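Participant: Sending over a structure as structure tokens; questions will come in a sec.
The values are calculated or read from the model by the stated rules, or taken from the named source; none is laboratory data. Note that this is a predicted model, so its numbers are computed, not measured. A quick note on method: Cβ atoms are made from the backbone with ideal geometry, for glycine too, and the neighbour counts reach across all protein chains shown.
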Amino acid sequence: MMDKYIPTGNEFISFPCINEMNAGINDFTVLHMGYKGMLDFTGSAENPLFLPFVEIDGRSAAFENLVWERENYWIPAFTAKASGLALHGTVLAPIGERGFIYRIEAQNMAKAPVNAAFGMRGQWSKTIHSVNEDKEILGEMLTYHSAWNDAPVFDLRIGTPVLAFAPMSALPMQWITNKDDTGISYEGKYEHQLNAGESFTFDLYWGIGFEEVAAATSAKEMLRQTYDVLKAKTVKWLEARCRTTGDPALDKLLNVNLFFNYFFATGTTIDSEELVMVTSRSPRYYVSAAYWDRDSLLWSFPAVLKTDAEHAKAMLDYTFTRQIRNVGIHSRYIDGTLLEPGFELDELCAPVIALSSYIKETSDIAALEEPHIEKGVKRILKILDTKYNSALGLYETFLQPTDDMRVYPYITYNNALVWRVLTDISKLYANRWGNAVIQGLSDSAQRVKDAIYRQCVREYKDKRIFAWSVDACGNWDVYDEPPGSLQLLPYYGFCDFDDEIWRNTVAAIRDPEYAYSFAGKPFADIGCPHAPHPWILSVGNSLLCGRIEEAKSILLRAPLDNGIACESIDEITGECATGAAFATCAGFLAHCMIAALGVRQ
């Protein structure tokens, strides 16, 4: 049976791979500004980084009949049996803390006392630097006993410290460690006799930090506050942000993806304590730990905005400071420097669309005059001018919304976004910029809209449709991409849902003859060559363009990536086909469900 993972985390630490088969935690990740991405501290294929255990009379007791749930849609918890003990385990990454707590609660169901031991063992086999590709870090892995926690500290150094992690317990645990060619292995346990019917709770606190003191005292801070206090605080935070559709199955899908987006598409760097935005804090996603304007602002941002406006503003501030210098360029490191070159028009438009939605949602008009935001908007307009073809009245792009190479330079969807951006800016700054500037923006918006209807509408099978893209020589194509779909034109306000040209376009790309429609399959929605299966982004598009029942049917039946959005699903089984742990897509799915299903708090 393939392993199933249940992720969790907080601002500082992520757990992409909590294994449902053995309750082990394979690894943890942190975001690191100095290293421009993510550090992944990992166990081995045979031994996870953290594995809770129970011993009875000196022998390991296997966890049997493991059943998992996500408490408050985010806190992983399980029940199990182990040699006459009834177990309940919880992995808690408390809000605002540098670390996590693993709790094991046990009750002796037998009629006689048992000599038990509770603890954790594991192996730190390597540390990986992850930004799209994974590279093992060639640093020194150390472990030593520390008076700060009266337990081992695990310490990564590359000349100087990089990051340490350390356990702490209120109980006098026995610890052993060993270092060899496979890494550092460890075991810590506490022995306790359980009488018949007696219950016992074992809490192990793990802190992380720059070096020994920061890691150990992070664990101590949590221990001092206690598990119960920290869990209550975290539950209160989650309850304030979860939403309901009235359908428990849809509620689970919505909120799990809402929180996965929040904690895996944004995070706080461990070294500089800055909020950053990434595709995913999970190395299971194939281009993890880097920044895309489109992914973060068109997909992730709307879901955060609907649940935590303060966090959404911090996301905007990050965009208009760290990331604005290279705005519109394919992808960047978390410090804003260039990762993958190549201009993308939809990415240039994304910050303004996010800003406009923020102002509409919060009425925080003072944000428009903040120097970094106003300067960033002007920079976007300046770049936009360089992409304009006055003969066609359209704006060009180099890469498509999938990040793949364009066929023709003028993409209809992208130009509809330009219309939206010019319209939004003319309204946002109507009372702040001169009348001539505002009128010029308004006129430019109308010109691009007219140009789309003039240049991008073509006849296909005796009906007028929106071409996917065109050039200056009369070439055009019938095509669609889930990351930037023509289905979304009414959602962005470009046309009405009853626009005949738009309806013909949707019919064309959903026709069984269209190669990527997957019409007639058990899980049918639009795909594309980048991932030739139905995309979850396209299911979200369906929710936004009125195909609500069809989308709900897919979502209620598809396993996805253990309930979390992925790039694409198998058209027959509904299981993850590509792009597991796709955090920004999880955000888009949650946003689309909130927008389409009448969601309330």
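Participant: Looking at the range 363-394 only, could you name the residues that are farther than 25 Å from residue 447 by Cα and either touching a helix residue (DSSP H, G or I) at 6+ places or on another chain (Cβ under 9 Å) or of a type outside the set (Gly, Ala, Ser) (or both)?
Facilitator: Start the filter on the range 363-394 by keeping residues that are farther than 25 Å from residue 447 by Cα, which leaves 363-373.
Selection gives 364, 365, 367, 368, 369, 370, 371, 372, 373.
Participant: Among what's in the range 506-524 and is in contact with an Asp or Glu (Cβ under 8 Å, 6 or more places away or on another chain) and buried (at least 16 other Cβ atoms within 10 Å of the Cβ), pick the residue that is farthest from residue 576 (Cα to Cα).
Facilitator: So, considering only residues that are in contact with an Asp or Glu (Cβ under 8 Å, 6 or more places away or on another chain) and buried (at least 16 other Cβ atoms within 10 Å of the Cβ), the one farthest from residue 576 (Cα to Cα) is 509.
Participant: Can you pull out every residue in the range 51-88 that is assigned to a loop (DSSP other than H, G, I, E, B) and either in contact with a Phe, Trp or Tyr (Cβ under 9 Å, 6 or more places away or on another chain) or under 23 Å from residue 257 (Cα atoms) (or both)? Please lay out each step first, then the result.
Facilitator: Pass one, the range 51-88, residues assigned to a loop (DSSP other than H, G, I, E, B): 57-58, 61-63, 72-74, 83-84.
The answer is 61, 63, 72, 73, 74.
Participant: Restricting to the range 262-318, and then to whatever is part of a helix (DSSP H, G or I) and among the polar types (S, T, N, Q), can you tell me which residue is farthest from residue 583 (Cα to Cα)? Please lay out each step first, then the result.
Facilitator: Quick first cut of the range 262-318, residues part of a helix (DSSP H, G or I) only: 262-264, 293-307, 309-318.
From what is left, the residues that are among the polar types (S, T, N, Q) are 296, 300, 307.
On the way: 296: 9, 300: 8, 307: 16 Å.
Selected residue: 307.
Participant: Go over the candidates 462, 450, 471 one by one and state the one that is at pLDDT 95 or above, within 36 Å of the chain's Cα centre (by Cα) and either of a type in the set (Asp, Glu) or loosely packed, with under 12 Cβ neighbours inside 10 Å (or both). I'd like the intermediate steps shown before the answer.
Facilitator: Values: 462 fails: within 36 Å of the chain's Cα centre (by Cα); 450 fails: within 36 Å of the chain's Cα centre (by Cα).
Result: 471 is the single residue among 462, 450, 471 that is at pLDDT 95 or above, within 36 Å of the chain's Cα centre (by Cα) and either of a type in the set (Asp, Glu) or loosely packed, with under 12 Cβ neighbours inside 10 Å (or both).
Participant: Still on this structure, I have one more. For the range 251-275, what are the residues that are of a type in the set (A, V, I, L, M, F, W, C) and within 20 Å of residue 5 (Cα to Cα)? Let's see the steps before the verdict.
Facilitator: At the first step, the residues of the range 251-275 found to be of a type in the set (A, V, I, L, M, F, W, C) are 253-254, 256, 258-260, 263-265, 270, 275.
Once the filter is applied, which keeps residues that are of a type in the set (A, V, I, L, M, F, W, C) and within 20 Å of residue 5 (Cα to Cα), the range 251-275 yields 253, 254, 256, 258, 259, 260, 263, 264, 265.
Participant: Kindly indicate which of 106, 147, 112 is outside the structural domain of residue 291 (by TED's automatic domain parsing), buried (at least 21 other Cβ atoms within 10 Å of the Cβ) and either modelled with pLDDT under 95 or not acidic (Asp, Glu) (or both).
Facilitator: That would be 106, the only listed residue that is outside the structural domain of residue 291 (by TED's automatic domain parsing), buried (at least 21 other Cβ atoms within 10 Å of the Cβ) and either modelled with pLDDT under 95 or not acidic (Asp, Glu) (or both).
Participant: Oh, and also: Would the range 26-41 turn up any residue that is assigned to a loop (DSSP other than H, G, I, E, B) and either under 20 Å from residue 255 (Cα atoms) or without any contact (Cβ under 8 Å) to a residue 60 or more places away in the chain (or both)?
Facilitator: Within the range 26-41, one or more residues are assigned to a loop (DSSP other than H, G, I, E, B) and either under 20 Å from residue 255 (Cα atoms) or without any contact (Cβ under 8 Å) to a residue 60 or more places away in the chain (or both).
Participant: Quick one: count up the residues across the range 68-96 that are in contact (Cβ under 8 Å) with a residue 40 or more places away in the chain and touching a His at 6+ places or on another chain (Cβ under 9 Å).
Facilitator: 2
Participant: If the requirement is being touching a helix residue (DSSP H, G or I) at 6+ places or on another chain (Cβ under 8 Å), in the same structural domain as residue 295 (by TED's automatic domain parsing), in a loop (DSSP other than H, G, I, E, B) and in contact (Cβ under 8 Å) with a residue 60 or more places away in the chain, which of these qualifies: 494, 523?
Facilitator: Criteria check complete, one pass: 494.
Participant: Now, a different point. Sort out which residues of the range 1-16 are more than 14 Å from residue 93 (Cα to Cα), part of a loop (DSSP other than H, G, I, E, B) and touching a strand residue (DSSP E or B) at 6+ places or on another chain (Cβ under 8 Å), and write them in order of number.
Facilitator: 3, 4
Participant: Filter the range 342-399 down to residues that are basic (Lys, Arg) and crowded, with 17+ Cβ neighbours inside 10 Å, then give me how many there are.
Facilitator: Count: 2.
Participant: Given the conditions (1) touching a Ser or Thr at 6+ places or on another chain (Cβ under 7 Å); (2) farther than 15 Å from residue 98 by Cβ; (3) not basic (Lys, Arg), and given that residue 187 satisfies all but one, which numbered condition is not satisfied?
Facilitator: (1)
Participant: With respect to the numbered conditions (1) farther than 21 Å from residue 295 by Cα; (2) touching a helix residue (DSSP H, G or I) at 6+ places or on another chain (Cβ under 9 Å), which one is the sole condition not fulfilled by residue 411?
Facilitator: (1)
Participant: Still on this structure, please answer the following. How many of the residues in the range 206-224 are surrounded by 15 or more Cβ atoms within 10 Å (Cβ to Cβ) and within 20 Å of residue 90 (Cα to Cα)?
Facilitator: 9
Participant: Taking the criterion of being within 12 Å of the chain's Cα centre (by Cα), buried (at least 16 other Cβ atoms within 10 Å of the Cβ) and under 14 Å from residue 566 (Cα atoms), would at least one residue in the range 245-255 satisfy it?
Facilitator: So far as the range 245-255 goes, no, none of its residues is within 12 Å of the chain's Cα centre (by Cα), buried (at least 16 other Cβ atoms within 10 Å of the Cβ) and under 14 Å from residue 566 (Cα atoms).
Participant: Right, another one. Of all residues in the range 570-584, which are under 19 Å from the mean Cα position of the chain (by Cα) and over 12 Å from residue 532 (Cβ atoms)?
Facilitator: 575, 576, 579, 580, 581, 582, 583, 584
Participant: For the subset of the range 99-137 comprising residues that are assigned to a strand (DSSP E or B) and polar (S, T, N, Q), which member is nearest to the chain's Cα centre (by Cα)?
Facilitator: Checking each candidate, the answer is 130.
Participant: Oh, and also: For residue 64, all conditions in the list (1) out of contact with any helix residue (DSSP H, G or I) (no Cβ under 9 Å at 6 or more places or on another chain); (2) in contact (Cβ under 8 Å) with a residue 60 or more places away in the chain; (3) among the acidic types (Asp, Glu) hold save one; what is the number of the exception?
Facilitator: (2)
Participant: Only one of (1) outside any strand (DSSP E or B); (2) in contact (Cβ under 8 Å) with a residue 40 or more places away in the chain is not met by residue 464, so which one is it?
Facilitator: Result: residue 464 passes all but (1).
Participant: Could you grab me the full set of residues in the range 190-232 that are in a strand (DSSP E or B) and more than 22 Å from residue 15 (Cβ to Cβ)?
Facilitator: Residues satisfying the conditions are 190, 191, 192, 193, 194, 199, 200.
Participant: Mind listing whichever residues of the range 553-601 are closer than 18 Å to residue 5 by Cα, in contact with a Pro (Cβ under 7 Å, 6 or more places away or on another chain) and assigned to a loop (DSSP other than H, G, I, E, B)?
Facilitator: Selection gives 574, 581.
Participant: Another one. Of (1) crowded, with 20+ Cβ neighbours inside 10 Å; (2) in contact (Cβ under 8 Å) with a residue 60 or more places away in the chain; (3) hydrophobic (A, V, I, L, M, F, W, C), residue 297 satisfies all except one. Which?
Facilitator: Exception for residue 297: condition (2).
Participant: For the range 162-174, which positions are surrounded by fewer than 18 Cβ atoms within 10 Å (Cβ to Cβ) and either assigned by TED's automatic domain parsing to the domain that holds residue 270 or in a strand (DSSP E or B) (or both)?
Facilitator: 174
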